Amino acid sequence: MSDPRYAVAAVLVAAAVTWGLRALPFAVLTPLRSSRTVQYLSTRIPAGVMVILLVYCLRDLPVTHARSLAPLIALAVTVGLHLWRRNALLSILAGTAVHVTLASTLFAP
């Protein structure tokens, strides 16, 4: 039979490593919160991510086809609603609803 002390030691080592790996990001991030660079990036990254997603989603959109109007109208609704209400959830839900409705009714293949 194997020694139970070995199993207890293995569990303790695994628990210590797990705890350390979970605590490490908080210990590292604490001094970064006061960094001017991190504060600057925290205000700029959300808009940058949205621009990247926009380019990715619309990069293959054939603007000469009538079916392209559905995502473009949905994009206009999303942007307009967000500029008006400043509510990301409302903008995303409304834009998605407009796109699904247009793509499945007016611009269905």
How tilted is helix 88-104 with respect to the longest principal axis of the chain? Cα atoms for both, answer in degrees (0 to 90, nearest 10). 50
Mean separation of Cα pairs under 8 Å and 6+ residues apart, divided by the residue count of the range 18-109: what relative contact order is that in percent? 23
Taking all protein chains in place and a 1.4 Å probe, what share, in percent, of the accessible surface of the chain do carbon and sulfur account for? 73
Where only protein heavy atoms count, and the probe is 1.4 Å, what is the accessible area per residue for the chain in Å²? 84
With every protein chain present, what accessible area does Ile52 have (1.4 Å probe, heavy atoms only), rounded to the nearest 10 Å²? 120
Roughly how tilted is helix 69-85, in degrees to the nearest 10 and between 0 and 90, from the longest Cα axis of the chain? 70
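The values are calculated or read from the model by the stated rules, or taken from the named source; none is laboratory data. Everything numeric in this text was worked out from a predicted model, so none of it was measured. For the accessible areas, the whole protein counts, side chains as well, though only heavy atoms, and no ligand, DNA or RNA atoms are used. Shrake-Rupley method; radii C 1.70, N 1.55, O 1.52, S 1.80 Å.
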